[in-house]
Amino acid sequence: MPGAEEWVVLPGTVRARTPEETWEALAGLLPDFGITRVADLTGLDCIGLPVWTAVRPASLTLTTSLGKGATALLAKLSAVLEAVELWHVEQPLPVAARGPAAEVAPDCPVAALPLIVPHPGRVLAGVVWEWTPGTGLVDGLRRLLPVGLVRRRAQRSEWAPDLLRTTSTGLAVGNTRDEARLHGLLEVVERDVLYRDAVSGGRCRTLIDPATVDDPYGREMLDRLAAAGMELEVALVAGPYGLPVCAAYLWSEDYPVVFAGGGCHIDPGIALSRAVSEAVQSRLAAVAGTRDDLPTDTGSAGRVLFRPATTTGLVPWPQATEQFAPALSGFAAQVAAVAGRVAAVTGHQPVALDLSAPGGPVHAVQIVCPGARSRLRRSMPR
């Protein structure tokens, strides 16, 4: 197991181990996570960017999980790790207490948790919940959170109140605990920034000139999309965290459905590649048609009148990204820095729930950031 500060720079991502080491650790354990097969979907589309799927027939959530990456191995790992994430949230969580927040966890900001319908804190403080322990990512202290933030509706006790919005936001798997925590934090930031942008009607976006992107892997991706005849619109989305968040929109005349992707990372180039590759993955998910949560009419209801990408008012990529400081070295340092930013914006520190047992091949966490929000619907309005 690598130390927390070990650093493997890969096209479009940074990890604590090489892809080969991660696959070696996981390959023999796929049945333990309910994964019966993994499949390469790349050839179903004309783009050529690797997209894979991992299948768990007995899943309590999604039976198919998609993954993307710069290489076939990275995409295969991405799909497997997505499936492993969901397997972990299907397992029982340790319950440290049962009772109302006012008695069990008076410091928990219950009104700032993701709720189906907002309720006053004084009302929520009296609701009886089961509580599971987590770790505050600013002070490092033990913090209790309702189990219902992770436990899916079908898994809840009959008596449990259906007040909490359970999502995969902040759910992450990594080679180390800090790698997983960083990816979970960045996903929370991404979705909160995109939520704020949607509420503003898209006024937080700076449209980027794709021809000016100088990140090596980002450049390779955009060139492949152009060669495949895809139309692409890329935006850098401003948010209060001071971190690069990108949105990408992809479509073509032969399949005129708008596919969107979002990405956040301390490195702007990685944020861009995540957004673009997510849009490509969404397109392939619709082409393959195997994902459980896709609407059955994606091919018709999602169709829009074809229109080309915006070509005026575009900002060069180097100019748009010059504001961002170089990334700190090491996952632990980045976790501390991002957690501090989240706490400063929301007024609440992020809490990490460890979902995996110590000594496993990977670490699974769910990051809960009270006060951060995410969109309710799947689509990202252009």
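Name every residue in the stretch 222-239 that is under 20 Å from the mean Cα position of the chain (by Cα) and assigned to a strand (DSSP E or B), in order of residue number.
Of everything in the stretch 222-239, those that are under 20 Å from the mean Cα position of the chain (by Cα) and assigned to a strand (DSSP E or B) turn out to be VAL234, ALA235, LEU236, VAL237.
Taking TYR249 as meeting all but one of (1) open to solvent by 10 Å² or more (accessible area, probe 1.4 Å); (2) in contact with a helix residue (DSSP H, G or I) (Cβ under 7 Å, 6 or more places away or on another chain), write down the number of the exception.
(1)
Scan the stretch 1-20 for residues that are open to solvent by 90 Å² or more (accessible area, probe 1.4 Å) and at pLDDT 95 or above and jot them down.
Residue satisfying the conditions is GLU20 alone.
Restricting to the stretch 199-217, give me the number of residues that are within 13 Å of ALA309 (Cβ to Cβ) and β-branched (Val, Ile, Thr).
1
Quick one: how many residues across the stretch 119-146 are closer than 23 Å to GLU179 by Cα and touching a residue at least 12 places away in the same chain (Cβ under 8 Å)? I'd like the intermediate steps shown before the answer.
Within the stretch 119-146, the subset closer than 23 Å to GLU179 by Cα is 132-145.
Checking the rest, the ones that are also touching a residue at least 12 places away in the same chain (Cβ under 8 Å) come to 132-139, 143-145.
Adding up the residues that qualify gives 11.
Given the options LEU194, LEU236, LEU207, LEU186, name the one that is surrounded by fewer than 23 Cβ atoms within 10 Å (Cβ to Cβ) and either touching a strand residue (DSSP E or B) at 6+ places or on another chain (Cβ under 7 Å) or among the aliphatic types (A, V, I, L, M) (or both).
LEU207
Count, please, the residues in the stretch 65-85 that happen to be of a type in the set (Ser, Thr, Tyr) and open to solvent by less than 10 Å² (accessible area, probe 1.4 Å). Steps first, please.
Pass one, the stretch 65-85, residues of a type in the set (Ser, Thr, Tyr): 65, 71, 78.
When the remaining residues are screened for being open to solvent by less than 10 Å² (accessible area, probe 1.4 Å), the result is 65.
Count: 1.
Test ARG191 against the criterion of being within 21 Å of VAL345 (Cβ to Cβ) and assigned to a helix (DSSP H, G or I), and give yes or no. First the steps, then the outcome.
Details: within 21 Å of VAL345 (Cβ to Cβ): yes; assigned to a helix (DSSP H, G or I): yes.
For ARG191, the condition - within 21 Å of VAL345 (Cβ to Cβ) and assigned to a helix (DSSP H, G or I) - is met.
Output the strands (runs of 3 or more DSSP E) that fall wholly within the stretch 1-83 and possess 1 or more residues being among the polar types (S, T, N, Q), or say none.
Per the criteria, 13-15, 51-55, 64-68.
Inspect the stretch 258-281 for any residue being at positive phi and either at pLDDT below 85 or assigned to a loop (DSSP other than H, G, I, E, B) (or both) and give the result as yes or no.
No, the stretch 258-281 contains no residue that is at positive phi and either at pLDDT below 85 or assigned to a loop (DSSP other than H, G, I, E, B) (or both).
Here's a check for you: in the stretch 346-360, which residue that is open to solvent by 30 Å² or more (accessible area, probe 1.4 Å) and in a loop (DSSP other than H, G, I, E, B) is farthest from ARG191 (Cα to Cα)? Give the derivation first.
Initial filter on the stretch 346-360 (open to solvent by 30 Å² or more (accessible area, probe 1.4 Å)): 347-349, 354, 357-359.
Now restrict to residues that are in a loop (DSSP other than H, G, I, E, B): 347-349, 357-359.
Details: GLY347: 17, HIS348: 17, GLN349: 17, ALA357: 28, PRO358: 29, GLY359: 31 Å.
Per the stated criteria, the residue is GLY359.
Could you please tell me which pairs satisfy a Cβ distance under 7 Å, a separation of 6+ or placement on different chains, a first residue in the stretch 12-25 that is closer than 26 Å to LEU222 by Cα, and a second residue that is open to solvent by less than 30 Å² (accessible area, probe 1.4 Å) and of a type in the set (Asp, Glu)?
Cβ pairs passing all conditions: ARG15/GLU179.
Between a first residue in the stretch 98-118 that is farther than 14 Å from LEU163 by Cβ and a second residue that is open to solvent by 40 Å² or more (accessible area, probe 1.4 Å) and among the aliphatic types (A, V, I, L, M), which pairs have beta carbons less than 7 Å apart while being 6 or more apart in sequence or on different chains?
Close Cβ pairs (under 7 Å, with a partner that is open to solvent by 40 Å² or more (accessible area, probe 1.4 Å) and among the aliphatic types (A, V, I, L, M)) amount to ARG98/VAL128; GLY99/VAL128.
Considering each residue of the stretch 122-154, count those that are closer than 24 Å to ARG375 by Cβ and surrounded by fewer than 17 Cβ atoms within 10 Å (Cβ to Cβ), and give that number.
The qualifying residues number 3.
Here's the yes/no breakdown for (1) over 16 Å from the mean Cα position of the chain (by Cα); (2) open to solvent by less than 50 Å² (accessible area, probe 1.4 Å):
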site	(1), (2)
GLY201	yes, no
TYR241	yes, yes
PRO244	no, yes
ILE266	no, yes
LEU284	yes, yes
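Being touching a Phe, Trp or Tyr at 6+ places or on another chain (Cβ under 6 Å) and in a strand (DSSP E or B), is that true of even one residue in the stretch 200-208?
Within the stretch 200-208, one or more residues are touching a Phe, Trp or Tyr at 6+ places or on another chain (Cβ under 6 Å) and in a strand (DSSP E or B).
The values are calculated or read from the model by the stated rules, or taken from the named source; none is laboratory data. Everything quoted here is computed from the prediction, not taken from an experiment. Note that we place each Cβ from the backbone using ideal geometry, even for glycine, and neighbour counts take in every protein chain shown. To get the accessible areas, we keep the full protein, side chains included, count just its heavy atoms, and leave off ligands, DNA and RNA. Shrake-Rupley method; radii C 1.70, N 1.55, O 1.52, S 1.80 Å.
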